[in-house]
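Inspection log for the structure reproduced underneath, given as structure tokens.
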Amino acid sequence: LAQQRLLIKGGKVVNDDCSVVADVYVEDGVVQQVGPNLNPEPPAGLVVLDATNKLVIPGGIDTHTHMQFPFMGSTSKDDFYTGTKAAIAGGTTMIIDFAIPQKGCSLIEAFDTWKSWADPKVCCDYALHVAVTWWSNKVKEEMKSLVQNKGVNSFKMFMAYKDLYMVNDEELYVAFSCCKELGAVAQVHAENGELIAQGAKKMLAMGITGPEGHELCRPEEVEAEATQRAITIANAVNCPLFVVHVMSKSAAKVISNARREGKVVYGEPIAASLGTDGTNYWNKDWAHAAAYVMGPPLRPDPSTPDFLMNLLANDDLSVTGTDNCTFDICQKALGKDDFTKIPNGVNGVEDRMSVIWEKGVYSGKMDENRFVAVTSTNAAKIFNLYPKKGRIAVGSDADIVVWDPKAARTISAKTHHQANNFNIFEGMVCHGVPVATVSRGKVVYEGGAFNVTAGEGKYVSRPPFPPYVYKRVRQREQVCQPVPVKRAPYTDVVSGISITPK
């Protein structure tokens, strides 16, 4: 049960639009008061958290996770229990995972399967995106049912993973059209799957079997081309687009340019693309190099993380996830002789908040308010969770983190809570540490100690037509439609070529 009464005293409450020194009073999992010197009565039974000289921020929302995901001959190590427990330790209080059906299979069955995995295990709130991996009238009907009956308002299409999940341009067009009709947000994994398949054959034929082949067969122009194509198709049907895991400068530039042209598109860099780079693929230690294999790959240009962080700080990119999909070294070794068989995925759910604070706020690229925007508020607005999530205000869910901007920690696989035997941020010193995490009004993590119960998190329904996304789309629908030119009918001679039948 949620902690009945909680008072967070003496901190600076930071939302995306302002910061104010105030206490926060919580009852039954909901924020009841925000203001100076609160003294809720009676004092008996009141839990008090001292946040003096610390920030009080909305709990993080990780827009992109894959817990216990069956993929590439294995299943990701973090299940919904260890994954959400690690999330809480890092200051994230909600994840959005992906239900991914095989081609030809039911979207609703996939949703029900993932929900049955998550419900008994989650330690914090969660939602589910659903992937569209094929197209038929049945898929269209199931998308409608998921939106109307299951609280799903986002669907992901893969432009890569040929013969597994990939859809073609025509399928993208109809899926985007369906998303727009239903008031859902269309998401894409943007890479040219055809070019990747050809590039992989070429690398293997050249004798390149190690992890470096993974990046070499899917260079960043393959990501940029698909990003541009997805934006063009989405714009043709006036559908809002969310580009997941933006990994390269060139793809980020495509998104930035599209936003400046007025297109409704959002880019999601992830902890990995903001905190490390693809030079690791050339490491002489195979296990080290393989640990970083994910799709799209990290980029070998070491200036990429800084570049992406600058765009994130200035609203060219909008939100941050992790694509958390952990495979240990033994699982990665499925591809020891062939990089195409290395399970794709890295960690991040526990370290995202600290990595972004270190690379974004501590470095001076963004302020504390923008940090809140890119770690929770923007995600809450895009996926129609706001202001219940992503804000500290009266009536908001009490998903709150007490954040110490002066403290530092060193990331290591030896101390992290994820179910994996390496960490791609190993050795990184991060200023900015969560000292207490509150989920649904209950202190679930404080001073390194957990107070969590499997299944305590809840599935959160997300209504369609999020205003933050769809206000502009609806207005354009009304005023930006092409109209025929009125002109007098043509009355002169029409010349045709007569065809003599044989």
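The values are calculated or read from the model by the stated rules, or taken from the named source; none is laboratory data. Predicted model, so just to flag it, every value in this text is computed and none were measured. Quick reminder, even Gly has a Cβ in these numbers, built from the backbone with ideal geometry, and neighbours come from all protein chains shown. Accessible surface areas use protein heavy atoms only, side chains included; no ligands, DNA or RNA. Shrake-Rupley method; radii C 1.70, N 1.55, O 1.52, S 1.80 Å.
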Single unsatisfied condition, residue 289 versus (1) under 20 Å from the mean Cα position of the chain (by Cα); (2) open to solvent by less than 30 Å² (accessible area, probe 1.4 Å) = (1)
Of the residues in region 180-214, those that are among the polar types (S, T, N, Q), outside any helix (DSSP H, G or I) and open to solvent by 10 Å² or more (accessible area, probe 1.4 Å) come to 192, 209
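So in region 158-179, with the set limited to residues that are part of a helix (DSSP H, G or I) and open to solvent by 10 Å² or more (accessible area, probe 1.4 Å), which one is farthest from residue 139 (Cα to Cα)?
Among those that are part of a helix (DSSP H, G or I) and open to solvent by 10 Å² or more (accessible area, probe 1.4 Å), it is 169.
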For residue 428, all conditions in the list (1) closer than 18 Å to residue 92 by Cα; (2) modelled with pLDDT of 95 or more hold save one; what is the number of the exception?
-> (1)
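Filter region 252-283 down to residues that are of a type in the set (Gly, Ala, Ser) and assigned to a helix (DSSP H, G or I) and give me whichever is surrounded by the fewest Cβ atoms within 10 Å (Cβ to Cβ).
The residue in question is 256.
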Identify all residues within region 7-44 that are surrounded by fewer than 14 Cβ atoms within 10 Å (Cβ to Cβ), of a type in the set (A, V, I, L, M) and part of a loop (DSSP other than H, G, I, E, B); write none if there are none.
-> 44
Is it the case that some residue within region 329-349 is more than 18 Å from residue 78 (Cα to Cα), open to solvent by less than 10 Å² (accessible area, probe 1.4 Å) and of a type in the set (Ser, Thr, Tyr)?
-> no
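Taking the stated definitions as given, is residue 361 at pLDDT 95 or above, surrounded by fewer than 24 Cβ atoms within 10 Å (Cβ to Cβ), touching a Pro at 6+ places or on another chain (Cβ under 9 Å) and not in a loop (DSSP other than H, G, I, E, B)? Don't jump to the end; show me each part of the working.
Details: at pLDDT 95 or above: yes; surrounded by fewer than 24 Cβ atoms within 10 Å (Cβ to Cβ): yes; touching a Pro at 6+ places or on another chain (Cβ under 9 Å): yes; not in a loop (DSSP other than H, G, I, E, B): yes.
Yes; evaluated as a whole, the condition is true for this residue.
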Select from region 416-460 the residues that are under 30 Å from residue 330 (Cβ atoms), assigned to a strand (DSSP E or B) and under 24 Å from the mean Cα position of the chain (by Cα) and list them in ascending order.
-> 429, 430, 445
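Give 393, 413, 407 a once-over and let me know the one that is hydrophobic (A, V, I, L, M, F, W, C) and not in a loop (DSSP other than H, G, I, E, B). If you could, list the steps in order and put the result at the bottom.
Numbers: 393 fails: not in a loop (DSSP other than H, G, I, E, B); 413 fails: not in a loop (DSSP other than H, G, I, E, B).
Testing whether each residue is hydrophobic (A, V, I, L, M, F, W, C) and not in a loop (DSSP other than H, G, I, E, B) leaves just 407.
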Which residue pairs have Cβ atoms closer than 7 Å, lie 6 or more positions apart in sequence or on different chains, and pair a first residue in region 115-127 that is open to solvent by 10 Å² or more (accessible area, probe 1.4 Å) with a second residue that is modelled with pLDDT of 95 or more and assigned to a helix (DSSP H, G or I)?
-> 117/80; 121/80; 121/81
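Of these, 333, 373, 380, which one is of a type outside the set (Asp, Glu), in a helix (DSSP H, G or I) and in contact with a helix residue (DSSP H, G or I) (Cβ under 8 Å, 6 or more places away or on another chain)?
Working: 373 fails: in contact with a helix residue (DSSP H, G or I) (Cβ under 8 Å, 6 or more places away or on another chain); 380 fails: in contact with a helix residue (DSSP H, G or I) (Cβ under 8 Å, 6 or more places away or on another chain).
Only one candidate passes the filter, namely 333.
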Residue check, residue 231 against (1) in a helix (DSSP H, G or I); (2) open to solvent by 10 Å² or more (accessible area, probe 1.4 Å); (3) farther than 23 Å from residue 281 by Cβ; (4) touching a Lys or Arg at 6+ places or on another chain (Cβ under 8 Å), all met but one. Which one?
-> (2)
Using beta carbons and a limit of 6 Å, which pairs, at least six apart or on different chains, have the first residue in region 133-157 and farther than 12 Å from residue 178 by Cα and the second one among the basic types (Lys, Arg)?
-> 133/103; 134/103; 151/462
Scan region 424-434 and give yes if some residue there is within 29 Å of residue 291 (Cβ to Cβ), surrounded by fewer than 19 Cβ atoms within 10 Å (Cβ to Cβ) and touching a helix residue (DSSP H, G or I) at 6+ places or on another chain (Cβ under 6 Å), otherwise no.
-> yes
